[in-house]
Amino acid sequence: MRYWLGIESTAHTFGAAILSESGQLLSDERDTYVPPAGGLQPREVARHHTSVAPSVIYSAIKKAGLHPSELAGIGVSYGPGLGPCLRVGVALSRAVSAYYGIPVYPVNHAVAHVEVARLLSGFEDPLSVYVSGGNTNIVAWKEGRYRVFGETLDIAVGNLLDAFARQVGLQHPGGPKIEKLAMTGSSLGLLDLPYSVKGQDVSFSGLLTAALDAFRSGEKLERVAYSLQETAFAMIAEAAERALVHTGKTSIVTAGGVAANSRFNQMMVSVAQEHGAAFFAVPLRMAGDNGAMIASVAMEMAVSGAKPVDPEELLPKPKLRINDTEVGWRVNLRLRVA
Amino acid sequence: MISTLGTLPEHESDGTIDFLKEGAVVARGAEAVLLEGELLGFPVVIKRRLPKPYRDSGLDYRLRFNRTYEEGRLLAKAARAGVSVPLPIFIDPPTFTIVESRVRGRILKDVTDQASSLMKFVGVQLAKLHLSGVVHGDFTTSNVLVDQSGTPFIIDFGLGSSSTGLEERGVDLLLMKKSLEANAPSLAKQLFSDFFEGYRETFGEGSDDVLRRSGEIEKRGRYYAERAFERDLPGYLKSWKAEGGSLHNGALWHQGSTSQGEEI
């Protein structure tokens with residue numbers, strides 16, 4: 001049996017996980033940085049990662065009952081993400097790779113989110129709706145890559161929620177707090193906020209400004225939270241629906257941190273139902289950043305014979321896009337995380 | 001004057017006249033259902049926007065009503081300017097219904113393989129549309145219908161608006177480019193350049209500005225960073241960047257610093 005180590009350090013979470021050839025997740029360790037106040041300060045996050053990385057990696061390997069030399073390969077997320085954070089994971093995997101002579105696979109973080117959701121769903125070729133703090137992408141695999149069928153034209157939906165939360169004085173991460181407020185705010189009715197879908201793309205900056213204006217002019221926070229969330233998610237649902245019809249895919253998966261929001265998934269289920277498509281929401285535990293998804297892609301690459309990278313050529317790519325990476329190595333294997 | 005409508009066609013035996021007969025469903029889009037029908041005996045397509053159970057009912061009503069009204073208005077405006085579009089015959093926002101003339105043809109998405117010369121005509125049509133003061137808002141290969149004579153018809157103005165803005169026009173070009181890339185990755189470059197050739201010839205002066213803006217929009221969407229740099233960068237970093245300095249910590253801008261730029 002072969003085993004792969006996945007290392008994730010693109011943003012607030014440092015994660016390490018071990019996955020076997022049969023798709024069994026043997027360990028999944030992570031340590032998430034929570035800022036004392038305000039948003040994420042990249043250097044502070046990187047400092048956090050540096051201090052927790054060795055123990056996170058060590059306990060991932062130990063919980064799997066392995067020795068580092070037994071690893072068949074390492075996967076590391078080399079982008080997109082925060083530069084200082086990426087460097088921590090990349091440098092560590094270079095070191096482990098060189099020391100034990102283990103091949104290292106560069107993993108596109110965005111691809112990993114989408115792939116882990118697909119492997120868990122058991123769908124062969126779904127439309128993927130990837131929503132997180134830094135990304136809002138509606139993608140489908142076509143001719144060797146994940147192609148973007150819809151995306152945000154400005155800020156990501158998670159960024160919209162976090163930025164709003166920060167401005168109204170809520171602690172990071174703002175998404176879950178807004179979700180809670182929205183539940184109590186739904187009875188107050190929807191505010192008329194800018195709804196901007198351009199084809200299959202969405203735009204959130206006008207919505208952010210309008211929601212903040214509404215709050216500052218005395219509207220109840222619960223009502224603004226409800227209206228903000230409802231409008232933003234309806235926009236993504238509409239864009240996803242258009243992409244579903246356009247691509248003719250027969251299943252939908254949601255991925256990324258915002259996919260942990262139950263109202264979001266509720267809307268996506270409805271879209272899928274209306275078009276007779278199967279639906280799968282990435283499990284809560286796999287929604288946010290984690291090492292398991294990086295290990296999954298490393299496993300897929302290795303099993304399909306994709307080439308590892310020389311450690312000295314492994315560099316962080318903060319602005320990597322999901323469609324920058326060739327994905328000719330997808331395997332159909334049901335991942336087991338329990 | 002009545003006689004110009006011709007003789008009213010025959011109707012059911014009970015003697016009532018059906019103003020609008022609804023036939024079979026011919027297509028089901030993302031937001032509307034298309035039915036074949038007859039309006040006073042003339043063959044028409046009936047487009048009806050369906051409720052979306054996933055969104056707030058107030059938002060749903062507002063979006064469907066406004067889009068029906070707006071689409072009818074834009075179709076009329078485009079038709080008057082000589083753009084090939086289905087002709088709007090009857091608009092009824094309270095029932096979210098548009099009745100328009102029937103166009104028989106294939107979706108551009110299905111003909112792009114052999115469509116190099118066709119793409120030029122598509123560009124001509126979009127240029128005419130833009131010159132008439134209308135932007136489409138969802139200008140993808142799914143929303144162009146090619147009839148038997150090879151004439152491209154622009155359909156589905158549900159996300160369109162009246163605008164002469166560079167930004168909105170740029171979005172139309174970008175959406176066509178992206179949908180070509182998504183559908184025919186290997187041919188996309190050539191097809192788009194054929195498309196733009198037709199657009200440029202008809203649109204004339206300023207067409208390059210539209211293309212440039214569409215490139216800017218695409219870049220802007222790539223990552224928040226690239227836009228934030230130009231807008232929020234403190235002066236000393238702007239000049240550093242101008243001198244060729246690279247901001248390797250640039251990704252700092254794509255998360256967590258939308259409104260406060262103090263993190264540098």
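Taking 0.36 nm per residue of separation and subtracting the current Cα-Cα distance, fully stretching the chain between A:Ala306 and A:Arg43 would add 91.3 nm. For chain A, a Gaussian network of Cα nodes joined below 10 Å ranks A:His48, A:His67, A:His172 by mean-square fluctuation, and the top entry is A:His67.
In percent, rounded to a whole number, the relative contact order of the stretch B:105-222 is 36, using alpha-carbon pairs under 8 Å and six or more apart. Size check on the stretch A:229-307: the Cα extents along the three principal axes, sorted descending, read 41, 26, 17 Å. Expressed in Å, the radius of gyration and Dmax of the Cα atoms of the stretch A:115-284 are 15.6, 51.
Largest first and in whole Å, the equivalent-ellipsoid semi-axes of the protein assembly as shown read 46, 25, 25, each the square root of five times a Cα gyration tensor eigenvalue.
In sequence order, the stretch A:175-180 has phi-based couplings of x, x, 5, 5, 4, 5 Hz under the Karplus curve 6.51 cos²θ - 1.76 cosθ + 1.60, θ = phi - 60°, and Gly or Pro positions carry x.
Computed from backbone phi, the HN-Hα couplings of the stretch A:124-140 come to 7, 8, x, 7, 10, 10, 9, 10, 8, x, x, 9, 9, 10, 10, 10, 9 Hz, rounded to whole numbers (Karplus: 6.51 cos²θ - 1.76 cosθ + 1.60, θ = phi - 60°; Gly and Pro given as x). When the alpha carbon coordinates of chain A are projected onto the principal axes, the ranges are 60, 45, 33 Å, largest first. For the protein assembly as shown, adding -39500 (n - 2.57) for each run of n ≥ 4 DSSP H residues and dividing by the number of residues yields -13500 deg cm²/dmol at 222 nm. Where the alpha-carbon atoms of the stretch B:18-101 are placed on the principal axes, they occupy 36, 30, 21 Å, in descending order. Listed values for the stretch B:205-213 are Karplus-derived 3J(HN,Hα) couplings in whole Hz (6.51 cos²θ - 1.76 cosθ + 1.60, θ = phi - 60°), namely 4, x, 5, 5, 5, 5, 4, 4, 5, and x replaces Gly and Pro. Spatially, the stretch B:182-197 and the stretch A:313-338 are offset by 27 Å when compared through their Cα centroids.
Which of A:Lys220/B:Lys77; A:Lys142/B:Lys219; A:Lys317/B:Lys128 have a Cα-Cα distance over 31 Å? Listed pairs above 31 Å: A:Lys220/B:Lys77; A:Lys317/B:Lys128. Listing A:Ser196, B:Ser186 from fewest to most neighbouring C-beta atoms within 10 Å gives B:Ser186, A:Ser196. Computed over chain A with a Gaussian network model linking Cα atoms closer than 10 Å, the most mobile of A:Ser128, A:Ser304, A:Ser20 is A:Ser304.
Compute the long axis of helix A:291-303 from its Cα atoms, compare it with the longest principal axis of the Cα atoms of chain A, and write down the angle in degrees, 0 to 90, nearest 10. That works out to roughly 50 degrees. Near the amide H of B:Ile89, within less than 5 Å, lie the amide hydrogens of B:Val99, B:Glu100, B:Ser101, all on another chain or at least 5 residues away, with H placed in the peptide plane. Does anyone have the angle between helix A:221-247 and the longest principal axis of chain A? Alpha-carbon axes, 0 to 90°, nearest 10? Once rounded, the angle reads 60 degrees.
Antiparallel beta bridges, as assigned by DSSP with both residues in chain A, represent about 60 percent of the total such bridges.
Around the amide H of A:Ser251, modelled in the peptide plane, lie the amide H atoms of A:Leu127, A:Ala278, all under 5 Å away and 5 or more residues distant in sequence or on another chain.
Look at the stretch A:35-43: the mean tally of other chain Cβ atoms within 10 Å of its residues' Cβ atoms is 4. Relative to the longest principal axis of the Cα atoms of chain A, the long axis of helix A:42-63 makes an angle of roughly 50 degrees.
Between amide H atoms placed 1.01 Å from N, distances below 5 Å from A:Gly38 occur with A:His172, all of them 5 or more places distant or on a separate chain. Around the Cα centre of the protein assembly as shown, unit charges on the Cβ atoms of Lys, Arg, Asp and Glu (plus for the first two, minus for the last two) sum to a dipole of about 920 debye. Only the Cβ atoms of Lys and Arg (+1) and of Asp and Glu (-1) were treated as charged; on that basis the dipole of chain A about its Cα centre amounts to roughly 380 debye. Find the centroid of the Cα atoms in the stretch A:217-289 and in the stretch A:108-146, then give the distance between the two in whole Å. Value for the Cα centre distance between the two parts: 14 Å. The residues packed around B:Asp56, meaning those with a beta-carbon under 13 Å from its beta-carbon, carry a net charge of +2 if Lys and Arg are +1 and Asp and Glu are -1.
Sparse packing (at most 11 other Cβ atoms within 10 Å of the Cβ) combined with a DSSP loop state is found for none of the trypsin sites (Lys or Arg not before Pro) in the stretch A:1-46.
Considering the options A:Met268, A:Val253, A:Pro311, tell which one lies farthest towards the positive end of the dipole of chain A, charges being +1 on Lys and Arg and -1 on Asp and Glu at the Cβ, about the Cα centre. Comparing the listed Cα positions along the dipole, A:Pro311 ranks first.
Just so you know, all these numbers are worked out from the coordinates, no wet-lab data involved. Nothing here was measured: the structure is a model prediction, and the numbers come from that model. Cβ sites come from the backbone with ideal geometry, for glycine too, and all protein chains shown count toward neighbours.
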